[in-house]
1. Within region 5-22, count every residue that is over 16 Å from the mean Cα position of the chain (by Cα) and either in contact (Cβ under 8 Å) with a residue 24 or more places away in the chain or buried (at least 16 other Cβ atoms within 10 Å of the Cβ) (or both).
2. Could you tell me whether region 134-146 includes any residue that is assigned to a helix (DSSP H, G or I), out of contact with any Pro (no Cβ under 8 Å at 6 or more places or on another chain) and within 17 Å of residue 13 (Cβ to Cβ)?
3. From the list 180, 170, exactly one residue is at pLDDT 95 or above and at positive phi. Which is it?
4. Determine whether region 170-190 contains at least one residue that is part of a helix (DSSP H, G or I), polar (S, T, N, Q), in contact with a Lys or Arg (Cβ under 6 Å, 6 or more places away or on another chain) and closer than 30 Å to residue 297 by Cα.
5. Look through region 157-184, keep the residues that are among the hydrophobic types (A, V, I, L, M, F, W, C) and buried (at least 19 other Cβ atoms within 10 Å of the Cβ), and return whichever of them is nearest to residue 85 (Cα to Cα).
6. As an exercise: evaluate residue 116 against (1) touching a residue at least 60 places away in the same chain (Cβ under 8 Å); (2) part of a loop (DSSP other than H, G, I, E, B) and give the number of the one condition it does not meet.
7. When residue 73 is evaluated against the numbered criteria (1) among the hydroxyl-bearing types (Ser, Thr, Tyr); (2) touching a helix residue (DSSP H, G or I) at 6+ places or on another chain (Cβ under 8 Å); (3) free of Cβ contacts under 8 Å to residues at least 12 places away in the same chain, which criterion, by number, is the only one it fails?
Amino acid sequence: MRSLITGVGGFAGSHLADILLAHGEPGDEVWGCDLSAAPRPYLSPNVHLIAADLRDPVAAGQVIEQARPERVYHLAGQAFVGDSWAHPWETLETNLRAQVNLLEALVASKQRPGVLVVGSADEYGRMRNPEHPIDETPPLRPDSPYSVSKAAQDLLGLQYFLSYGLPIVRVRPFNHIGPRQNRKFVAAAFASQIAAIEAGLQPPVMRVGNLEARRDFTDVRDTVRAYTLLLEHGQAGEVYNVGTGVSHRIREMLDVLLSLAVVPIRIETDPTRIRLNDVPDLVCDARRLREATGWHPRYRLEETLRDLLNYERSLCVPAAAGG
């Protein structure tokens, strides 16, 4: 089996590569494309890495021609809601152009690999009549440039299935967290600050945003395992939520991380960390995923947060050593 991961150097992409390499059959190959071919300490050397900007249609065609994949996991894109407010067109262009070019390259090549298109729970936005947990049926009400781009990617995946018969499965993952996550995201932001405080690299003050919002946090390793199961057992043309079915207040997550810290830390609210249009609660109904694949989360939130904090600690050089 030849698998292609776009955005392989990113958070979810690198964990997906780990799973495919660990559980593949003899002779399986994992290919990945990213903007840069620079080595990353967390990315296995067994990944066949291609440097490519999928916003360029020629580059997208070359990636498909070189990798000749039997499965495609499309994870590349601009993934941060906050950046989308500052750069809305860049977010839309990056996420839509890259996907269109990739799917067009597949159509032109006559290849018909299974394709996973990754949307987001943010597509649901602010629901008129909130229902919890949220299944895949409510009308989409995206309320940020990022969520608009993900809804468009979702619908493009459906359109290429209907128009060209590409065997595309769409997913709407809820919040996934774990080691290697960008520090712009809340769990990694907290963990990196704790690690820096412990290492003497910043004062013992934690700067936080809205702690009352509730989110359905899934370990990234569980999330990408769901991706692999859906390309194996999911129905082409269908869409699947990925999440645990339990939401936690941001404050609960912070309390767990603070309980793991080895120094006392003071909390301060930072207005710049508070999102516009922050949805108060998101809880996933993943029955469709479970019925199709038998998937259940394996990692507890406390275990995920401990692994995340230890990862951030590994990146910090104590002030005394640095001097």
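The values are calculated or read from the model by the stated rules, or taken from the named source; none is laboratory data. Because the structure is a prediction, the values reported are computed rather than measured. Every residue, glycine among them, receives a Cβ derived from its backbone with ideal geometry; neighbour counts consider all protein chains shown.
1. 2
2. no
3. 180
4. No, every residue in region 170-190 fails to be part of a helix (DSSP H, G or I), polar (S, T, N, Q), in contact with a Lys or Arg (Cβ under 6 Å, 6 or more places away or on another chain) and closer than 30 Å to residue 297 by Cα.
5. Filtering region 157-184 for residues that are among the hydrophobic types (A, V, I, L, M, F, W, C) and buried (at least 19 other Cβ atoms within 10 Å of the Cβ), the one nearest to residue 85 (Cα to Cα) comes out as 174.
6. (2)
7. Of everything listed in (1) among the hydroxyl-bearing types (Ser, Thr, Tyr); (2) touching a helix residue (DSSP H, G or I) at 6+ places or on another chain (Cβ under 8 Å); (3) free of Cβ contacts under 8 Å to residues at least 12 places away in the same chain, residue 73 misses just condition (3).
Yes/no matrix, rows are residues, columns are (1) touching a helix residue (DSSP H, G or I) at 6+ places or on another chain (Cβ under 8 Å); (2) over 25 Å from residue 120 (Cβ atoms); (3) free of Cβ contacts under 8 Å to residues at least 40 places away in the same chain:
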| site | (1), (2), (3) |
| --- | --- |
| 182 | yes, no, no |
| 187 | yes, no, no |
| 191 | yes, no, no |
| 207 | yes, yes, no |
| 231 | no, no, no |
| 237 | yes, no, no |
| 253 | yes, no, no |
| 269 | no, yes, no |
